[in-house]
Amino acid sequence: MLCAALNLYESNEVAEMRKSVYAGPGYTVFKSFIAPDIARDLGKRWFSGMYNHLLHDGFIKNQELAKDTPSFLIRRPNECDWSICHQIWQAPLDETAHNIAMECQRMRNLIEGRPLYYATRIHDSLVMQYRLCRTLSPGVTVKPHADFMEESRHDPSGSHAFDPRRTQMTLFLSDYGTDYDEGGFKFMTNDERYVTFGRDVDVGAGDLVIWKYTNKHEVSDVRVLNDSVLGFSRIVFPLFEGVMAR
Ligand SMILES: [Fe+2]
(Lines give C-alpha, C1' and ligand atoms only; values in the text may rest on other atoms or scores of the structure.)
Protein backbone atom coordinates (compact mmCIF):
# COMPACT_ATOMS: atom_id res chain seq x y z
CA MET A 1 0.00 0.00 0.00
CA LEU A 2 2.70 2.51 0.96
CA CYS A 3 4.99 2.36 -2.06
CA ALA A 4 8.07 4.60 -2.00
CA ALA A 5 7.98 4.96 -5.80
CA LEU A 6 4.83 7.11 -5.63
CA ASN A 7 4.68 10.65 -4.41
CA LEU A 8 2.40 9.68 -1.58
CA TYR A 9 2.35 13.12 0.02
CA GLU A 10 0.57 14.53 -3.01
CA SER A 11 -1.80 11.65 -3.71
CA ASN A 12 -5.46 12.64 -3.93
CA GLU A 13 -6.45 10.27 -1.12
CA VAL A 14 -3.95 11.76 1.31
CA ALA A 15 -4.86 15.31 0.26
CA GLU A 16 -8.54 14.57 0.99
CA MET A 17 -7.76 13.05 4.40
CA ARG A 18 -5.51 15.99 5.28
CA LYS A 19 -8.25 18.43 4.26
CA SER A 20 -10.74 16.57 6.39
CA VAL A 21 -8.49 16.84 9.48
CA TYR A 22 -7.39 20.47 9.16
CA ALA A 23 -10.18 22.13 7.19
CA GLY A 24 -13.12 19.73 7.53
CA PRO A 25 -14.67 18.09 10.57
CA GLY A 26 -11.29 17.66 12.32
CA TYR A 27 -10.92 13.94 11.72
CA THR A 28 -10.67 11.41 8.93
CA VAL A 29 -11.79 7.77 9.05
CA PHE A 30 -9.77 5.10 7.29
CA LYS A 31 -12.34 2.28 7.08
CA SER A 32 -10.99 -1.27 7.52
CA PHE A 33 -7.41 -0.11 8.00
CA ILE A 34 -7.03 -3.64 9.32
CA ALA A 35 -9.59 -6.45 9.03
CA PRO A 36 -12.23 -6.33 11.82
CA ASP A 37 -11.41 -9.92 12.87
CA ILE A 38 -7.73 -9.09 13.29
CA ALA A 39 -8.62 -6.02 15.36
CA ARG A 40 -10.99 -7.93 17.64
CA ASP A 41 -8.59 -10.87 18.04
CA LEU A 42 -5.78 -8.49 18.94
CA GLY A 43 -7.96 -6.93 21.65
CA LYS A 44 -9.10 -10.29 23.01
CA ARG A 45 -5.52 -11.59 23.11
CA TRP A 46 -4.25 -8.71 25.24
CA PHE A 47 -7.33 -7.97 27.31
CA SER A 48 -7.87 -11.59 28.35
CA GLY A 49 -4.82 -11.09 30.61
CA MET A 50 -3.00 -14.09 29.11
CA TYR A 51 0.10 -11.98 28.44
CA ASN A 52 0.07 -9.89 31.59
CA HIS A 53 3.02 -11.88 32.96
CA LEU A 54 5.14 -10.31 30.19
CA LEU A 55 4.30 -6.79 31.33
CA HIS A 56 5.83 -4.62 34.00
CA ASP A 57 2.91 -4.09 36.39
CA GLY A 58 4.11 -1.08 38.38
CA PHE A 59 3.15 2.43 37.45
CA ILE A 60 5.64 4.19 35.16
CA LYS A 61 5.21 7.93 34.76
CA ASN A 62 5.38 9.42 31.27
CA GLN A 63 8.27 11.54 32.43
CA GLU A 64 10.19 8.44 33.48
CA LEU A 65 9.94 6.59 30.18
CA ALA A 66 13.46 5.67 29.04
CA LYS A 67 15.28 3.68 26.36
CA ASP A 68 15.17 0.48 28.38
CA THR A 69 11.64 0.76 29.84
CA PRO A 70 9.85 -2.57 29.28
CA SER A 71 6.28 -2.91 28.04
CA PHE A 72 4.01 -2.03 30.94
CA LEU A 73 0.43 -2.17 32.16
CA ILE A 74 -1.44 0.77 33.67
CA ARG A 75 -4.73 0.07 35.49
CA ARG A 76 -6.54 3.41 35.57
CA PRO A 77 -8.82 4.97 36.59
CA ASN A 78 -10.09 1.62 37.92
CA GLU A 79 -8.59 -1.86 38.15
CA CYS A 80 -10.56 -3.04 35.12
CA ASP A 81 -9.44 -0.20 32.82
CA TRP A 82 -6.16 -1.16 31.20
CA SER A 83 -3.56 0.58 29.08
CA ILE A 84 -0.92 -1.81 27.77
CA CYS A 85 2.02 0.31 26.64
CA HIS A 86 4.58 -0.89 24.10
CA GLN A 87 7.53 1.15 22.89
CA ILE A 88 7.98 1.12 19.10
CA TRP A 89 11.79 1.08 19.44
CA GLN A 90 11.86 -2.20 21.33
CA ALA A 91 11.64 -5.81 20.15
CA PRO A 92 7.92 -6.56 19.73
CA LEU A 93 6.05 -8.80 22.15
CA ASP A 94 3.30 -9.05 19.52
CA GLU A 95 4.43 -8.90 15.88
CA THR A 96 0.93 -8.15 14.60
CA ALA A 97 0.39 -5.22 16.94
CA HIS A 98 3.86 -3.88 16.20
CA ASN A 99 3.43 -4.03 12.41
CA ILE A 100 0.01 -2.40 12.65
CA ALA A 101 1.47 0.39 14.80
CA MET A 102 4.19 1.01 12.18
CA GLU A 103 1.56 1.25 9.42
CA CYS A 104 -0.57 3.64 11.48
CA GLN A 105 2.40 5.89 12.15
CA ARG A 106 3.28 6.02 8.45
CA MET A 107 -0.29 7.07 7.77
CA ARG A 108 -0.06 9.87 10.34
CA ASN A 109 3.26 10.98 8.86
CA LEU A 110 1.64 11.29 5.45
CA ILE A 111 -1.20 13.37 6.86
CA GLU A 112 1.16 15.64 8.81
CA GLY A 113 3.64 15.86 5.93
CA ARG A 114 6.54 14.38 7.88
CA PRO A 115 9.20 11.86 6.76
CA LEU A 116 7.55 8.47 6.32
CA TYR A 117 9.31 6.74 9.24
CA TYR A 118 9.35 9.68 11.63
CA ALA A 119 8.88 8.77 15.31
CA THR A 120 9.45 5.05 14.74
CA ARG A 121 13.15 5.20 15.66
CA ILE A 122 14.77 5.90 19.03
CA HIS A 123 16.91 8.72 17.56
CA ASP A 124 13.93 10.71 16.24
CA SER A 125 13.07 13.92 18.12
CA LEU A 126 9.70 12.38 18.99
CA VAL A 127 9.27 8.63 19.35
CA MET A 128 6.09 6.63 19.47
CA GLN A 129 4.57 4.40 22.07
CA TYR A 130 1.43 2.45 21.21
CA ARG A 131 -1.13 1.83 23.91
CA LEU A 132 -3.77 -0.86 23.78
CA CYS A 133 -6.51 0.66 25.93
CA ARG A 134 -9.61 -1.03 27.28
CA THR A 135 -12.33 0.86 29.16
CA LEU A 136 -14.99 -1.04 31.09
CA SER A 137 -15.86 1.60 33.71
CA PRO A 138 -18.85 3.91 33.36
CA GLY A 139 -18.57 7.65 34.04
CA VAL A 140 -15.67 9.84 32.96
CA THR A 141 -12.48 7.81 32.42
CA VAL A 142 -10.55 10.39 30.36
CA LYS A 143 -11.53 13.94 31.33
CA PRO A 144 -12.32 16.44 28.53
CA HIS A 145 -9.09 18.13 27.44
CA ALA A 146 -7.13 19.27 24.38
CA ASP A 147 -3.46 18.55 23.65
CA PHE A 148 -0.83 21.00 22.37
CA MET A 149 -2.94 23.93 23.48
CA GLU A 150 -0.49 24.90 26.22
CA GLU A 151 -2.71 23.37 28.90
CA SER A 152 -0.46 22.32 31.77
CA ARG A 153 0.13 18.60 32.30
CA HIS A 154 0.82 16.82 35.56
CA ASP A 155 2.78 14.12 33.73
CA PRO A 156 3.82 15.37 30.27
CA SER A 157 5.39 13.28 27.52
CA GLY A 158 7.10 16.43 26.21
CA SER A 159 6.41 20.06 25.38
CA HIS A 160 2.78 21.08 25.15
CA ALA A 161 3.44 24.28 23.18
CA PHE A 162 0.64 25.16 20.77
CA ASP A 163 1.04 22.98 17.68
CA PRO A 164 -2.02 22.74 15.42
CA ARG A 165 -0.23 20.32 13.08
CA ARG A 166 -0.29 17.53 15.65
CA THR A 167 -2.73 14.65 15.21
CA GLN A 168 -3.59 11.63 17.31
CA MET A 169 -4.92 8.32 16.04
CA THR A 170 -7.44 5.85 17.43
CA LEU A 171 -7.54 2.37 15.95
CA PHE A 172 -10.79 0.77 17.10
CA LEU A 173 -10.60 -2.80 18.43
CA SER A 174 -14.25 -3.23 19.44
CA ASP A 175 -17.72 -2.34 18.20
CA TYR A 176 -20.32 0.12 19.44
CA GLY A 177 -23.62 -1.73 19.83
CA THR A 178 -21.90 -5.11 20.31
CA ASP A 179 -19.29 -4.57 23.03
CA TYR A 180 -20.44 -1.24 24.48
CA ASP A 181 -22.88 1.59 23.92
CA GLU A 182 -24.08 4.97 25.28
CA GLY A 183 -20.67 6.72 25.21
CA GLY A 184 -17.02 6.02 24.36
CA PHE A 185 -14.71 8.34 22.46
CA LYS A 186 -16.22 11.84 22.27
CA PHE A 187 -14.59 14.47 20.09
CA MET A 188 -15.25 18.15 19.42
CA THR A 189 -15.24 18.83 15.67
CA ASN A 190 -13.66 21.90 14.05
CA ASP A 191 -17.09 23.57 14.09
CA GLU A 192 -17.45 22.77 17.81
CA ARG A 193 -20.01 19.99 17.76
CA TYR A 194 -19.44 16.92 19.92
CA VAL A 195 -19.55 13.56 18.15
CA THR A 196 -19.31 10.10 19.69
CA PHE A 197 -17.47 7.75 17.37
CA GLY A 198 -19.33 4.52 16.78
CA ARG A 199 -22.66 6.17 17.57
CA ASP A 200 -22.63 9.37 15.46
CA VAL A 201 -19.86 8.39 13.05
CA ASP A 202 -19.75 4.96 11.43
CA VAL A 203 -16.64 3.52 13.07
CA GLY A 204 -15.97 0.01 14.36
CA ALA A 205 -13.26 -2.61 14.90
CA GLY A 206 -10.45 -2.25 12.37
CA ASP A 207 -11.18 1.40 11.50
CA LEU A 208 -8.50 4.04 12.02
CA VAL A 209 -9.54 7.56 13.00
CA ILE A 210 -6.88 10.27 12.62
CA TRP A 211 -7.94 13.42 14.47
CA LYS A 212 -6.74 16.88 15.27
CA TYR A 213 -5.02 16.75 18.63
CA THR A 214 -5.83 20.37 19.57
CA ASN A 215 -9.58 19.63 19.58
CA LYS A 216 -11.27 18.70 22.86
CA HIS A 217 -11.71 14.98 23.47
CA GLU A 218 -12.73 12.62 26.25
CA VAL A 219 -13.73 9.04 27.05
CA SER A 220 -16.89 8.70 29.11
CA ASP A 221 -20.20 6.93 29.71
CA VAL A 222 -19.14 3.52 28.46
CA ARG A 223 -21.75 0.83 29.12
CA VAL A 224 -20.42 -2.67 28.54
CA LEU A 225 -22.69 -5.03 26.63
CA ASN A 226 -22.86 -8.82 26.61
CA ASP A 227 -20.12 -9.13 29.29
CA SER A 228 -17.65 -8.19 26.56
CA VAL A 229 -14.00 -8.50 27.57
CA LEU A 230 -13.34 -5.71 25.06
CA GLY A 231 -15.78 -3.03 26.23
CA PHE A 232 -14.46 0.08 24.49
CA SER A 233 -11.06 -1.05 23.19
CA ARG A 234 -8.67 0.82 20.95
CA ILE A 235 -5.02 1.60 20.27
CA VAL A 236 -3.72 5.15 20.69
CA PHE A 237 -0.29 6.40 19.72
CA PRO A 238 1.35 9.01 21.99
CA LEU A 239 4.72 10.51 21.05
CA PHE A 240 7.52 11.10 23.55
CA GLU A 241 10.16 13.77 23.41
CA GLY A 242 13.84 13.28 24.21
CA VAL A 243 13.75 9.57 25.07
CA MET A 244 17.26 9.12 23.63
CA ALA A 245 18.66 11.37 26.35
CA ARG A 246 17.07 9.53 29.28
FE1 LIG B 1 -5.50 13.70 24.92
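The values are calculated or read from the model by the stated rules, or taken from the named source; none is laboratory data. Quantities reported herein were computed from a predicted structural model and do not represent experimental measurements. Every residue, glycine as well, gets a Cβ built from its backbone with ideal geometry; the counts of neighbours run over all protein chains shown.
Here is a yes/no grid of residues against (1) at pLDDT below 95; (2) farther than 26 Å from residue 87 by Cα; (3) crowded, with 16+ Cβ neighbours inside 10 Å:
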residue	(1), (2), (3)
185	no, no, yes
188	no, yes, yes
195	no, yes, yes
204	no, no, yes
218	no, no, yes
226	no, yes, no
231	no, no, yes
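Among the residues of the range 167-178, those identified as out of contact with any Phe, Trp or Tyr (no Cβ under 7 Å at 6 or more places or on another chain) and either assigned to a loop (DSSP other than H, G, I, E, B) or over 12 Å from residue 205 (Cα atoms) (or both) are 173, 175, 177, 178.
Within the range 202-228, being under 12 Å from residue 30 (Cβ atoms) and within 13 Å of the chain's Cα centre (by Cα) holds for 206, 207, 208, 209, 210, 211. Any idea which residue in the range 213-237 is farthest from the ligand (Cβ to nearest atom), counting only those that are touching a residue at least 12 places away in the same chain (Cβ under 8 Å) and of a type in the set (D, E, K, R)? This residue is 223.
When the range 48-76 is limited to residues that are among the aromatic types (Phe, Trp, Tyr) and more than 18 Å from residue 95 (Cβ to Cβ), the one that is modelled with the lowest pLDDT turns out to be 59. The test for being in contact (Cβ under 8 Å) with a residue 60 or more places away in the chain, more than 17 Å from the chain's Cα centre (by Cα) and under 27 Å from residue 32 (Cβ atoms) holds for residue 113.
A quick yes/no check of all residues on (1) surrounded by 18 or more Cβ atoms within 10 Å (Cβ to Cβ); (2) within 12 Å of the ligand (Cβ to nearest atom); (3) hydroxyl-bearing (Ser, Thr, Tyr); (4) outside any strand (DSSP E or B):
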residue: 133; (1), (2), (3), (4): yes, yes, no, no
residue: 144; (1), (2), (3), (4): no, yes, no, no
residue: 154; (1), (2), (3), (4): no, no, no, yes
residue: 161; (1), (2), (3), (4): no, no, no, yes
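State which residue is surrounded by the fewest Cβ atoms within 10 Å (Cβ to Cβ) when the search covers only the range 168-183 and only residues that are more than 16 Å from the ligand (Cβ to nearest atom) and polar (S, T, N, Q). The residue in question is 178.
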